[in-house]
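The values are calculated or read from the model by the stated rules, or taken from the named source; none is laboratory data. Not measured: the values here are computed from a predicted model. Positions of Cβ are backbone-derived with ideal geometry, glycine not excepted, and every protein chain shown enters the neighbour counts.
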Amino acid sequence: MEYVHPIKDIRKIRLMKKLLKLRSTRDHLLFVLGINTGLRISEMLPLTFGDILIEREALTSFISIRGNTIFLNTRVKDALKLHLSHTAYTRDDYLFRSKKGSAPITRQQAYRMIQEVAKQAGIKENIGTHTLRKTFGYHAYRKGIAISLIQQRFHQSTPAETRRYIDADRFDPIELDVNL
């Protein structure tokens, strides 16, 4: 397995989101959910519409995955609303349902989609499904989130392991600003 990198350039992230939105609301949602939650692809693919909806079709703000409570921010909720408005579904349907049946897309399909759009966006680094998770970790770290919290989310044993995983050089300056 090749080492993949986070997407560090915010402009490339925005371009990928734009390209994905034009391609498919499902693919756009997968990308947005991954880069905003740090979930593994294996944790996202089995999600159903029922996992993200509460009574009367309102969106939840938190989902529970493997005993972790994951916050769904505004970007994720906007992507969910867009996908919901373009999709016929029941609560039991998979959120990332394949176009060829009722099962979710495969890891391989997700990988190919991410690779293709990354290439269109001009990203030269090695990219894969873990890129979404690493992108979340890298940008959380850059915004001042404690490495220990990212380490906990990723279930890693040491802060050094987490820094290596998210490709964050320890000499990168971190913007620690309360902006009062």
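Overview of results
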read-out	value
Filter result for LEU15 (crowded, with 22+ Cβ neighbours inside 10 Å and either within 15 Å of ILE114 (Cβ to Cβ) or at pLDDT 95 or above (or both))	no
Residue in segment 162-178 that is of a type outside the set (A, V, I, L, M, F, W, C), surrounded by 13 or more Cβ atoms within 10 Å (Cβ to Cβ), under 19 Å from the mean Cα position of the chain (by Cα) and not in a helix (DSSP H, G or I) present	yes
Within segment 131-148, considering residues that are of a type in the set (D, E, K, R) and in a helix (DSSP H, G or I), the one surrounded by the fewest Cβ atoms within 10 Å (Cβ to Cβ)	ARG142
First in segment 141-169 and within 18 Å of HIS5 (Cβ to Cβ) and at pLDDT 90 or above, second anywhere and of a type in the set (Gly, Ala, Ser) and loosely packed, with under 12 Cβ neighbours inside 10 Å, Cβ under 6 Å, 6 or more apart	none
Flag for VAL117 being among the aliphatic types (A, V, I, L, M), part of a loop (DSSP other than H, G, I, E, B) and out of contact with any His (no Cβ under 7 Å at 6 or more places or on another chain)	no
Subset tally (residues that are among the polar types (S, T, N, Q) and either closer than 13 Å to LEU47 by Cβ or assigned to a loop (DSSP other than H, G, I, E, B) (or both)) for segment 72-87	2
Any hit, segment 75-95, residues being on the phi > 0 side of the Ramachandran plot and out of contact with any Cys (no Cβ under 8 Å at 6 or more places or on another chain)	no
Every residue from segment 18-38 that is buried (at least 18 other Cβ atoms within 10 Å of the Cβ), out of contact with any Phe, Trp or Tyr (no Cβ under 8 Å at 6 or more places or on another chain) and among the aliphatic types (A, V, I, L, M)	VAL32, LEU33
Selected residue [without any contact (Cβ under 8 Å) to a residue 60 or more places away in the chain and hydrophobic (A, V, I, L, M, F, W, C)] from ILE13, ILE114, ILE52, ILE41	ILE52
Residue list for segment 93-114, filter: assigned to a loop (DSSP other than H, G, I, E, B) and at pLDDT 95 or above	ASP93, LEU95, PHE96, SER98, ALA103, ILE105, THR106
Some residue of segment 46-61 being at pLDDT 95 or above, crowded, with 21+ Cβ neighbours inside 10 Å and not aromatic (Phe, Trp, Tyr)	no
